[in-house]
Amino acid sequence: MSSRSKLYLRSIIITLLAMNAIAGALHLFTVKFELHLAWFIFPTLASIALGFLIAKNGEITQALAVQSTTDSLTKLFNRRFLNDTLEHELARCNRYKKTFSLIQLDIDHFKKINDQYGHSVGDNVLITIAAMIKANCRDSDIIARWGGEEFMVLLPNAGLSDAEEKTESLRTAISAHTFASVGKVTCSFGIAERNWIENENRDQVTHRVDIALYKAKSQGENCIKTSYYAVDKDAQRPTS
């Protein structure tokens, strides 16, 4: 073999990129690099690098999927995920003639908590209430941060009586709890049942539970109000 077939190198470093970010590097160290060995070494390195990048991209894709459906503060599902889940639940209920219920809750005087104690304390209240909701729900229930200080719970295969019992248990637990720095905090609750007979769509049933929550907020707070289809199907929140 002629001297031209030999390359004398100290090392080869291959930078690996995943999602336009450095994910790692392959470092091959050698004193003498025979050119004929490149036909074996470089394909091997390429295979290793490709396998690594496929695994890394899978991890990143999974992490992005979690981020897109999860509220970063409370670690509950976000509104987007619950809306998508509601569409699937509506289709399931229509097909199999099933019922589900929604619980919507809002922290009473939450702005005052933020103004008086600061947003970090307010965040801790949100995190604590999120944990209390989870502790009072089934594994099959879907819990989401609906927005700001509002939460929504989807109860598959649950009618009004089940929803009311669960909501009262949660209301009692929250009102009895002593929150760090704040003391006592209460929530107002709205409940709506959706069955296949009325055939409401997603916006209609979430509107009804919102109407029930508004009634609870406007009629004393720290209470539960239930929406009935015949009563609230055309109801509107006051504009002021």
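Please treat every number below as a calculation from the coordinates, not as lab data. Remember, predicted model here, so these are calculated numbers, not experimental data.
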Which of LYS134/LYS184; LYS112/LYS217; LYS134/LYS166; LYS75/LYS98; LYS111/LYS217; LYS98/LYS233 exceed 21 Å between C-alpha atoms? The answer is LYS75/LYS98
May I ask for the percentage of alpha-carbon pairs in region 142-195 that lie more than 14 Å from each other?
61 percent
Take the Cα atoms of region 79-232, find their three principal axes, and give me the spread along each one in whole Å, biggest first.
49, 29, 24
